[in-house]
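Working notes, structure below.
The values are calculated or read from the model by the stated rules, or taken from the named source; none is laboratory data. Computed from a predicted structure; not experimentally measured. As a convention, Cβ positions derive from the backbone with ideal geometry for all residues, glycine included, and neighbour counts pool all protein chains shown. In case anyone asks, the SASA skips ligands and DNA or RNA and just uses the protein heavy atoms, side chains included. Shrake-Rupley method; radii C 1.70, N 1.55, O 1.52, S 1.80 Å.
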Amino acid sequence: MKQIVLKRSVRSILFLMVFGLVIGAPMLVIVLAHDIPLKIKAGVTAFIGLWFGLTLFAFYRTKRSLKKVEELERLISVSGYELRFSTPVQAEVGYFHASGYWSSSGKSRSYHVFRNFLKESETTLSSLKFENKPFLLAIAQDGEGEVRLPGIRILNETLQGALILYAKPSYKFSFPVESFSVSYEGDFAEARIEETENGFRVSVSANLSKAKRAKVELISRGERAVKELIGDTKNIGVFEKEFLNEPLVIVGHYDQISPLEILKAGKFGRIISGHGKFILRLALDIPFRPDIKEEIEFEVIPKEETTSWGL
């Protein structure tokens, strides 16, 4: 079992606070000491005060969230497919969804996260059994993507907002065809699909003259599509895609969990795994023009129990 505890560092916030003091304090002294219009003095003072206030607030919230996660971590232990609490906790049971993306403004980039926890029930727990519920981890190398995970949100005052999320591998793949092909001006490639224990195998045979290669790509479907190259070849190739093959437990705070944080803490590089609808693409890489491609949509559900997102 893979366990991830998300503990966001406060170093970057401390750096911003120190930077603000080092730059802002001397600037404020200079502005106040010189004969400058009152409006400018008031504006500079308000800006520096706002900067320091926001960074101080961010530091306080992050520090408080970190303390709750550390306290929750001390309360839990994992045994098989069950997580146990040394002290019973009051919690909401449901699904956590988060999507993240980058935006650019001038030379700077900002990462944005949308989070939601959909409550299904509320109860007191002394243990949490990992069920074969649907989940999704679709995160690109830069952290863009989305996650949908079952779990609980703690309601106890000292732990309020802390989350325990999990993913239990259990897959049933449903492909609409056993093989499909793509062609372009005499170039041809065919892909044959075979299900494996925790994924699938794609056997490609290609006859190329204009195309540089034939490639197989997996694409998640959702709010934030993520693409992964499974393999490529100039003639013959066999490529395997394995979904998550061991249970995953994530402990963190609602305000801090994001696809980017999960990617970094889990050291995944990139990941597409879970349940729902996906696209398998076979493409010819033609120089100086867009790829020539054929796609099939397939579905993955848990082998047992529920097939609902819980939404």
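Couple of notes before you dig in:
- Solvent-accessible surface of region 214-311, averaged per residue with a 1.4 angstrom probe and all protein chains in place: 47 square angstrom.
- In this simple spin-label approximation, Glu223 and Gln90 carry label points 7 Å from Cα along the Cα→Cβ vector, and these lie 2.9 nm apart.
- Three semi-axes of the equivalent ellipsoid, region 234-276, Cα gyration tensor, whole Å, largest first: 29, 12, 9
- The alpha-carbon of Lys215 sits under 28 angstrom from the alpha-carbons of these lysines, leaving out residues fewer than 8 places away in its chain: Lys172, Lys227, Lys234, Lys241, Lys264, Lys267, Lys277, Lys293.
- 17 Å tail of the calculated P(r), region 68-112, as % of Cα pairs: 61
- Label point distance in nm, Arg192-Ser209, each placed 7 Å from Cα along Cα→Cβ: 2.6
- Charge dipole (Cα centre; +1 on Lys/Arg Cβ, -1 on Asp/Glu Cβ; no other charges) of region 228-311 amounts to roughly 280 debye.
- Calculated on the alpha-carbon coordinates, the convex hull of region 212-261 measures out at 114 cubic angstrom per residue.
- Rough spin-label spacing in nm, given labels placed 7 Å along Cα→Cβ, for Glu120 and Glu294: 3.9
- Förster-model FRET efficiency, 30 Å R0, Glu240 and Ser79, C-beta, rounded to 0.05: 0.40
- Volume per residue for region 117-156 equals 113 cubic angstrom (convex hull of Cα atoms).
- The slack between Glu71 and Ser127, meaning 0.36 nm per residue of separation minus the straight C-alpha distance, is 18.5 nm.
- Ligands, DNA and RNA left out, the 1.4 Å accessible surface of region 145-240 is 40% carbon and sulfur atoms.
- Between Lys2 and Ser181, the FRET efficiency estimated from the beta carbon spacing at R0 = 35 angstrom works out to 0.40.
- Computed over every Cα-Cα pair of region 155-311 and binned at 5 Å starting from 0, the pair-distance distribution P(r) comes out as 2, 8, 16, 18, 16, 13, 10, 7, 5, 3, 1, 1, 0, 0 percent.
- Using heavy atoms of the protein chains and a probe of 1.4 Å, the accessible area assigned to Val78 is about 60 Å².
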